[in-house]
1. Go through region 107-129 and count every residue that is of a type outside the set (Ser, Thr, Tyr) and either surrounded by fewer than 18 Cβ atoms within 10 Å (Cβ to Cβ) or assigned to a loop (DSSP other than H, G, I, E, B) (or both).
2. When only residues in region 29-41 that are more than 10 Å from the ligand (Cβ to nearest atom) and surrounded by fewer than 21 Cβ atoms within 10 Å (Cβ to Cβ) count, which is nearest to Ser145 (Cα to Cα)?
3. Could you check how many residues of region 38-63 are at pLDDT 95 or above and assigned to a loop (DSSP other than H, G, I, E, B)?
4. How many residues are assigned to a loop (DSSP other than H, G, I, E, B) and either near the ligand (Cβ under 8 Å from one of its atoms) or buried (at least 18 other Cβ atoms within 10 Å of the Cβ) (or both) when one looks only at region 84-99?
5. So which residues in region 130-178 are at pLDDT 85 or above, buried (at least 19 other Cβ atoms within 10 Å of the Cβ), within 19 Å of Val188 (Cα to Cα) and hydroxyl-bearing (Ser, Thr, Tyr)?
6. If I filter region 143-201 down to residues being of a type in the set (A, V, I, L, M) and without any contact (Cβ under 8 Å) to a residue 24 or more places away in the chain, which single residue comes out as farthest from the ligand (Cβ to nearest atom)?
7. In this structure, is Val26 outside any loop (DSSP other than H, G, I, E, B) and near the ligand (Cβ under 10 Å from one of its atoms)?
8. Please determine, by comparing only the residues of region 45-57 that are within 13 Å of the ligand (Cβ to nearest atom) and β-branched (Val, Ile, Thr), which one is farthest from Ala115 (Cα to Cα).
Amino acid sequence: MVLRHAVGPMLEILCKAANDGRIIFVLSGPAGAGKSTVGRRLASLDVRIALNVSCTTRAPREGERAGADYHFLHQSDFDGLVQRCEMLESAEVHRHSYGTRVSDVLGIFAECRDALLEIDVQGGAAVRSKYPRTVLIFVVAPSFSESRKRLIARGSEDREEVTRRINRAREEMLEAKNYDYIVVNAEVESAVAEVQCIITAERARMTRQRYRALVEEMRAGAEPQKGDEPSG
Ligand code: 5GP
């Protein structure tokens, strides 16, 4: 399995993770699609998957906990991680920096779990280019007006920020074509069930690859051996 664009000294470890069959699932989608809710629910239902905690330079919202919702960093610390190639991907979203630390993803892999990243479309493309076993899932609300309604109901952004996110949502929709799957989140439990099906299918794909290797191994070992001949 080939990994493009070296991620500093972490490359070798990432290569091994890819060969071990670890998968990165990316959830992206426009603001108001409900991807955070879907992501959290998925992680609570499946012990073999862990929701990664991203880094951001934006301020915590009310109720958000450092280390659980995000690693809240100063810009200089964030830039340092990027410069030292310690980010699997990073992007500017809504005028703030966001990124996925390589070490966090490796920590998830070390627990023999797959990683779930809830990141924007730029991040999704960057992760895919570095880690081939990335599955891109795009989550959308059933309509644009529903997205807008959810975003306003959330009440965590001021009017100006809501408008900015809605405008960006239009641009993000255009990126859906580059994703492997699109899930319409009309109702959370059904959307979660759909993503679970995707995860199961993708894991089975990995098993099929391992199965092929096993068949090869058995074929190689199936050469007649001394003592195999029937007696008598
Ligand atoms: P929020 O500030 O509402 O939590 O997130 C804003 C946007 O940033 C969302 O689209 C979210 O998916 C994206 N985001 C969160 N973490 C990351 C990350 O680590 N990398 C990238 N590229 N985007 C992220």
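The values are calculated or read from the model by the stated rules, or taken from the named source; none is laboratory data. Computed from a predicted structure; not experimentally measured. Neighbour counts run over all protein chains shown; Cβ positions are idealised from the backbone, glycine included.
1. Taking region 107-129 and keeping what is of a type outside the set (Ser, Thr, Tyr), we get 107-128.
Subsequent filtering for residues that are either surrounded by fewer than 18 Cβ atoms within 10 Å (Cβ to Cβ) or assigned to a loop (DSSP other than H, G, I, E, B) (or both) retains 107, 110-113, 119-120, 122.
Selection size over region 107-129: 8.
2. Looking at the filtered set, the residue picked out is Thr37.
3. At the first step, the residues of region 38-63 found to be at pLDDT 95 or above are 38-60.
If we keep only those that are assigned to a loop (DSSP other than H, G, I, E, B) as well, we get 46-48, 52-54, 57-60.
Qualifying residue count, region 38-63: 10.
4. Filtering region 84-99 for residues assigned to a loop (DSSP other than H, G, I, E, B) gives 84-86, 94-95.
Subset that is either near the ligand (Cβ under 8 Å from one of its atoms) or buried (at least 18 other Cβ atoms within 10 Å of the Cβ) (or both): 86, 94.
Summing the residues that are assigned to a loop (DSSP other than H, G, I, E, B) and either near the ligand (Cβ under 8 Å from one of its atoms) or buried (at least 18 other Cβ atoms within 10 Å of the Cβ) (or both) in region 84-99 gives 2.
5. Within region 130-178, no residue meets the criteria.
6. First, pick out the residues of region 143-201 that are of a type in the set (A, V, I, L, M): 151-153, 162, 166, 169, 173-174, 176, 182-184, 186, 188, 191-193, 195, 198-199, 201.
Within this subset, residues satisfying the condition of being without any contact (Cβ under 8 Å) to a residue 24 or more places away in the chain are 152-153, 162, 174, 193, 201.
On the way: Ile152: 14, Ala153: 14, Val162: 11, Leu174: 15, Ala193: 21, Ala201: 23 Å.
Selected residue: Ala201.
7. Values: outside any loop (DSSP other than H, G, I, E, B): yes; near the ligand (Cβ under 10 Å from one of its atoms): yes.
Criteria met by Val26.
8. Within region 45-57, the first condition is being within 13 Å of the ligand (Cβ to nearest atom), and the residues that meet it are 51-57.
From what is left, the residues that are β-branched (Val, Ile, Thr) are 53, 56-57.
Values: Val53: 10, Thr56: 18, Thr57: 22 Å.
Among them, the one singled out is Thr57.
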